[in-house]
Structures are given as C-alpha cells and as structure tokens.
Amino acid sequence: ADLYLAWWFTVASADSLAGNVLSMRQDAFGRLDGGAPSFTVTGSSTDDLEEGIAKIVEGTFDIPNYLTEGAAPGNTVRLDPATGRPVAEGSYTARFVCAVPETAVQNGEAIPVVYGHGLLGSANEADSSQVQHTAAELNGLYCATDSIGLAREDIAFALEALSDISEFPSVPDRLQQALINTLFLGRLMVHIDGLGSAPEFQTSAGANMINTETAYYDGNSQGAILGGAATAIATDWTKASLGVGGMNYSTLLNRSVDFDRYFVVLRDAYPSALDQQLAFGLIQMLWDRGETGGYVQHLTDRVYDRTPAKQVLMTVAFGDHQ
C-alpha cells in the first residue's frame, strides 16, 4: 500500500491579522479629512534638562475611540455586528511628551521622531536622559505617547490576565488602539496645523520649528516590538529604527528576565508547564494583531494598500537577557 504523509498548518491571512487595524486607520484618518488631530499643550518644563535640550513639552491629543466602555484596561475593541469591523464611539484622549532641542528653538528644522517607550512604560520616557541626548545630537523633536495595552497603566490588569487568560483579549485589543494613537501622533508632528502651530513648538522668531516633510520612528525594547507593527501601517514615515526588539511576544516571555515577576502569577494559576505553553500559543493568536509578529511580512515589501514601503534599521544585542 502507498504511504502518504501530510502536514497541516494553521495559517492566518493578512486580513485576519491586520484587517481590524487597517479598518481603524482608514476610518480614523478619514475623519480628519486632511486636517490635523486636535491637541492641547498642557505644560512645559525646563527642569532636569540634558545639555542641548531647551524644554520638555506635554499635552494631549484626540483619536477616535474603538474600545468599549471608555477604553480602560480590561476593555476590548468595539465591533460592528453587521460588518465585524471596529466601530468608533467618542474619542480617546492620549498623552504626548516631547523633548525639544535648543537648536530647533534657535534655527528650526527639527526632525520629527515618534518614539516608542519600553516595557510597561509611558510617554514620559521621552524625558529620559538617553532620549534627550539623542534629540539634542540630531536636532530631533522626540515625542512619545503611551502604548496602551502594555503601558504603565496596564500593569495591574496584565497581572490579572495572567491569572485568568480568558481576560487576555483586552491586551492586544488595547494595543490595536495604541497603534492608531501612534499614527495620529506622527500626523500631529508633520501637519502644518499640528504641533508646530503651537508657540511651544515654534522658533524664537515665531516660525514652525519642525521640518514637516516626513516623520521618523525610533523605538527600543517594547518600543521596537510594537514599533514594527506601527511602522508597517504608517503613512507619515518610511524610515524606522527598532532597537533591541523582537517578535513574537510569546517567544520572548520564557527568555526574558523581565517576565520573572509576572511568571510567578501565571505559574500559580497554571502550574503545569504544558498548560503554560498552550496558553502562550493561544494568546499569541490574539497578540499577533497588536505587535510586529503579525505585520512584519508586510513591513518592507508586499506592503498594505495605500501604504508606502519602509526602510528599517534593526539594532540587536547579543545575549540580551531582557
């Protein structure tokens, strides 16, 4: 008798992975109708600045809200029962924090850089000494927003979800909203009616300090893990730097010392090592929609419709224990 061998592979289409986010992008930017996102500058500080930095500017900006019940941790993407696609209700108010270099205040032509913060961090990382040094050296306006889903405000819920993985869908769903938030920050930086229209982002002569020709992306650690996804769908930048990143998240968990404190919670709820690996595999099928693992094949070629191709610099660290 003939012997036949067969392999079965579970695969995901580009639409099943990125369809929701691309639908959100189309809807959100369509609502702008060519304009800039609405924003408010809430404060400016000159405390604890590194050499070459003039000030740290903070504020908020509005994005259509595709999450349920006010978009707090634990909520998920709101889907239209008729189409199965995300539908917006109201707006989500996101934060931005920007490091403004002295050269930009004096001479303008600041390079607009969207910055992706690290693991469970916040937009305040744009105020860190490392980012300030880079901004000053490049005459770069470095601005960050919170990557909700895996931001500082999500830590308590992340622990809760590890103790009951049925609650996990909120994490990648909030990350999908975070991707749109990140894109809106990029648009806010390059639009003529965006940040450069506010006095805090103007030169000493009263001109827009930002070179609005194009934005750039720079993210490290978690900012690189999520930054590949943001860059794959971005329309306002074509060049990105992803530092000490990785994908997919479920592959990283057992390998990262940063996961040790969270693994205690998972291990108490799911003591079997086999159950833990099954959980990682299951949650990754959702996580793909909110991190680079689900988007990388469309990052530099085979790009999505109405999306420019990208050039990406990946900076790795050998033996990276994080």
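Data table
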read-out: Tally of residues being open to solvent by less than 60 Å² (accessible area, probe 1.4 Å) and assigned to a loop (DSSP other than H, G, I, E, B) across the stretch 33-50; value: 6
read-out: Residue ID - surrounded by the most Cβ atoms within 10 Å (Cβ to Cβ), chosen from residues in the stretch 133-178 that are touching a helix residue (DSSP H, G or I) at 6+ places or on another chain (Cβ under 8 Å) and among the β-branched types (V, I, T); value: T145
read-out: Answer residue from the stretch 195-223, given it is of a type in the set (A, V, I, L, M, F, W, C) and assigned to a helix (DSSP H, G or I) and is surrounded by the most Cβ atoms within 10 Å (Cβ to Cβ) among those; value: L195
read-out: Subset of the stretch 66-102 [under 23 Å from N124 (Cβ atoms) and part of a helix (DSSP H, G or I)]; value: G70, A71, E102
read-out: Yes/no for V77 being of a type in the set (V, I, T) and open to solvent by 40 Å² or more (accessible area, probe 1.4 Å); value: no
read-out: Filtered residues of the stretch 52-72 (kept if open to solvent by 50 Å² or more (accessible area, probe 1.4 Å) and at pLDDT 95 or above); value: E58, D62
read-out: Any chance A71 is of a type in the set (A, V, I, L, M, F, W, C), touching a His at 6+ places or on another chain (Cβ under 8 Å) and touching a residue at least 24 places away in the same chain (Cβ under 8 Å); value: no
read-out: Conditions (1) charged (D, E, K, R); (2) within 18 Å of A151 (Cα to Cα); (3) buried (at least 19 other Cβ atoms within 10 Å of the Cβ); number of the one not met by D236; value: (2)
read-out: Tabulated pairs, the stretch 295-317, first farther than 16 Å from G19 by Cβ, second among the hydrophobic types (A, V, I, L, M, F, W, C) and loosely packed, with under 13 Cβ neighbours inside 10 Å, C-beta under 8 angstrom, 6+ apart or interchain; value: T300/A309; D301/A309
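So that you can scan it fast, the table gives a plain yes or no per residue for (1) among the polar types (S, T, N, Q); (2) in a loop (DSSP other than H, G, I, E, B); (3) within 20 Å of the chain's Cα centre (by Cα):
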position	(1), (2), (3)
I225	no, no, yes
A240	no, no, yes
F263	no, no, no
F280	no, no, no
I283	no, no, yes
D288	no, no, yes
D320	no, yes, no
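The values are calculated or read from the model by the stated rules, or taken from the named source; none is laboratory data. Small disclaimer: the values here were computed from a predicted structure and weren't measured. Quick reminder, even Gly has a Cβ in these numbers, built from the backbone with ideal geometry, and neighbours come from all protein chains shown. Heavy atoms of the whole protein, side chains included, go into the accessibility calculation; ligands, DNA and RNA do not. Shrake-Rupley method; radii C 1.70, N 1.55, O 1.52, S 1.80 Å.
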